[in-house]
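Okay, so here's the structure we're looking at.
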């Protein structure tokens, strides 16, 4: 049920422009084709984080389900992602930047 989509990510500065810091970083990035094996998305209302010395594991769930027959509550895990501590740190930094941009974009403008 998964469909594949490809996206190409490449960056190169304009030849006549003097590259700034972001452009210099982009020059050093290889031209990579991104292949999406699964394009469906689930909202993760719950996440369980477990860690060991060499990995951090994120278990994502859409939320608690009640089993009326037994009276128990179950938290089904739909997706699991394991990361090295270094890659988890990169994820935190990337998410922090994205969230900061969204907060700034949605902040009411002064005098409006």
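Results, tabulated for the structure shown:
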quantity	calculated
Scan of segment 30-67 for residues that are surrounded by fewer than 10 Cβ atoms within 10 Å (Cβ to Cβ), at pLDDT 90 or above and not in a loop (DSSP other than H, G, I, E, B), ordered by number	49
Candidates 110, 105, filtered to the one that is out of contact with any strand residue (DSSP E or B) (no Cβ under 9 Å at 6 or more places or on another chain), at pLDDT below 95, part of a helix (DSSP H, G or I) and surrounded by fewer than 10 Cβ atoms within 10 Å (Cβ to Cβ)	105
Qualifying residue in segment 12-29 (condition: exposed (fewer than 10 other Cβ atoms within 10 Å of the Cβ) and at pLDDT 95 or above)	no
Residue match in segment 82-91 (condition: in a loop (DSSP other than H, G, I, E, B), surrounded by 10 or more Cβ atoms within 10 Å (Cβ to Cβ) and touching a strand residue (DSSP E or B) at 6+ places or on another chain (Cβ under 7 Å))	no
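The values are calculated or read from the model by the stated rules, or taken from the named source; none is laboratory data. It should be emphasised that the depicted structure is a prediction, and the values quoted were computed from it without experimental measurement. All Cβ positions, glycine included, derive from the backbone under ideal geometry; neighbour counts span all protein chains shown.
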